[in-house]
Amino acid sequence: MERYTEEIRKRAGNLLKEGKVDLFIGYAGGSVPMMNRPILIRRPEEADLLRWDSFCGLNLANYLTGRKERIGVIANGCNSRNIVNHIVENQVKREQVYILGVPCTGMIDRRLVSSAVGGKDILSVREENGTVTVETAGSKEQLNRGDLLQQNCRVCTHRNPVLHDEMIGDPVEEQKDLEPYADVSEIEAMAPGERWEHFSRLVSGCIRCYACRNACPLCYCPTCFVDDSRPQWVGKGSDPVDTMTFHLMRAYHCAGRCTDCGACERVCPVGIPLRQFTRRLNRDAWKLFSWEAGLKLDERPPLDAYRPDDCNDFFR
């Protein structure tokens, strides 16, 4: 994946130099390994800050809303699907965005890397031919890249951008013959009480930092329901009922819109597998409406439109 970096820098610089965009949104290195950060650049010479590797997991569509400029943006499958969401939901105009498409073979979960080296301080991480070389203060370890992928990347079937103005590199082969919702079936098999206990344990460590909300490209409301004071929908403390209410309501706000990009899980400081709240809703959107979010510019999400042939089994 790192081989695309130079081409991205070249194309982003040219777009700014030629005046085709006023702003380019991409990724830059962080202050520590495996922690790339979004970056917004406005001058061609700043393009050398851009990079592309297996730690570009935050969703750049999050930075499009509310802008009036012409914007260039790097987009793999996840980013492009959320850009489609934003266009459909009138958060940005198609002609306003120049999409530089990049094929993706999955992002690496930094927590799995840290666990694999026993929690040692990591000095550098390098990829080559499916092998990840991790250098710590006292050793070098070689790990299999496939064992380190984020969970959402393991079941992703849209690795190539679904919308782009220009592609960097050739499309990669999409994953097939997957069981994308095996985790949902496992939870569904639990008894109701056991299921409630499962989700209660899941969020018991939540510190209500709202990093998941802030990283999610779907959470662009000017005022989130948790910040409303008139009326106050949910308390701001650590009460378990308030915490569960926040996660359940946020998940339902994403119903039929979530692309399973994994940004929420990636930023959670306590490692909560937050996708478990949205995965069932994604499965139901597919099962009831044959719908996957962010694939079509000319169709509204299933909960935003009515068709006479809609499945009505959920009405009682």
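The values are calculated or read from the model by the stated rules, or taken from the named source; none is laboratory data. Please read all numbers here as calculations on a predicted model, not as lab measurements. Glycine also receives a Cβ, built like all others from the backbone with ideal geometry; neighbour counts cover every protein chain displayed.
Table: residues versus (1) modelled with pLDDT of 95 or more; (2) assigned to a helix (DSSP H, G or I).
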{"position": "R159", "(1), (2)": "yes, no"}
{"position": "G169", "(1), (2)": "no, no"}
{"position": "L178", "(1), (2)": "no, no"}
{"position": "F199", "(1), (2)": "yes, yes"}
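Given the condition touching a residue at least 24 places away in the same chain (Cβ under 8 Å), surrounded by fewer than 19 Cβ atoms within 10 Å (Cβ to Cβ) and among the aromatic types (F, W, Y), answer yes or no: does some residue in region 43-63 qualify? Yes, region 43-63 contains a residue that is touching a residue at least 24 places away in the same chain (Cβ under 8 Å), surrounded by fewer than 19 Cβ atoms within 10 Å (Cβ to Cβ) and among the aromatic types (F, W, Y). When region 201-219 is filtered for residues that are more than 20 Å from the chain's Cα centre (by Cα) and either in a loop (DSSP other than H, G, I, E, B) or outside the structural domain of L274 (by TED's automatic domain parsing) (or both), the ones remaining, listed by number, are S204, G205, I207. On inspection, K120 qualifies as of a type outside the set (D, E), within 23 Å of V267 (Cα to Cα) and surrounded by fewer than 17 Cβ atoms within 10 Å (Cβ to Cβ). Output the residues belonging to region 123-157 that are in a strand (DSSP E or B), hydrophobic (A, V, I, L, M, F, W, C) and surrounded by fewer than 17 Cβ atoms within 10 Å (Cβ to Cβ). Correct list: L123 only.
Would you mind stating whether R275 is of a type outside the set (A, V, I, L, M, F, W, C) and touching a residue at least 60 places away in the same chain (Cβ under 8 Å)? Against the criterion (of a type outside the set (A, V, I, L, M, F, W, C) and touching a residue at least 60 places away in the same chain (Cβ under 8 Å)), R275 qualifies. For region 260-316, a residue qualifies if it is of a type in the set (V, I, T) and buried (at least 19 other Cβ atoms within 10 Å of the Cβ), and the qualifying residues are I272, T278. Inspect region 219-232 for any residue being basic (K, R) and within 16 Å of T278 (Cα to Cα) and give the result as yes or no. No, region 219-232 contains no residue that is basic (K, R) and within 16 Å of T278 (Cα to Cα). Contact map, region 160-185: residues that are in contact (Cβ under 8 Å) with a residue 24 or more places away in the chain paired with residues that are among the basic types (K, R) and surrounded by fewer than 11 Cβ atoms within 10 Å (Cβ to Cβ), Cβ distance under 9 Å, separation 6+ or inter-chain. Pairs shown: G169/R3.
In summary, I168 fulfils each of the numbered conditions (1) under 26 Å from P273 (Cβ atoms); (2) of a type in the set (V, I, T); (3) within 22 Å of the chain's Cα centre (by Cα) with the single exception of condition (1).
Please find, within region 171-189, the residue that is surrounded by the fewest Cβ atoms within 10 Å (Cβ to Cβ) out of those that are of a type outside the set (S, T, Y) and over 22 Å from the mean Cα position of the chain (by Cα). Show your work before the answer.
Applying the first criterion (of a type outside the set (S, T, Y)) to region 171-189 yields 171-180, 182-184, 186-189.
Next, only the ones that are over 22 Å from the mean Cα position of the chain (by Cα) stay: 177, 186-189.
Details: D177: 4, E186: 10, I187: 15, E188: 11, A189: 9.
Filtering first and then ranking leaves D177.
Taking the conditions (1) closer than 24 Å to L112 by Cα; (2) out of contact with any strand residue (DSSP E or B) (no Cβ under 7 Å at 6 or more places or on another chain) in turn, D48 satisfies each one other than (1).
Across region 1-37, the number of residues qualifying as surrounded by 15 or more Cβ atoms within 10 Å (Cβ to Cβ), part of a loop (DSSP other than H, G, I, E, B) and within 21 Å of the chain's Cα centre (by Cα) comes to 5.
Tallying residues that are within 19 Å of the chain's Cα centre (by Cα), among the basic types (K, R) and at pLDDT below 95 within region 38-73 yields 0. Annotation note: Cβ proximity below 7 Å between a residue of region 231-259 that is assigned by TED's automatic domain parsing to the domain that holds L288 and a residue that is among the charged types (D, E, K, R) and part of a helix (DSSP H, G or I) (sequence gap 6+ or interchain) occurs for V234/D242; G235/D242; R250/R213; T259/R81. Residue check: is D260 over 27 Å from F55 (Cα atoms) and not aliphatic (A, V, I, L, M)? So D260 does not fit the description; no.
Among the residues of region 201-230, which ones are among the basic types (K, R) and without any contact (Cβ under 8 Å) to a residue 24 or more places away in the chain?
Those that are among the basic types (K, R) and without any contact (Cβ under 8 Å) to a residue 24 or more places away in the chain: R201, R230.
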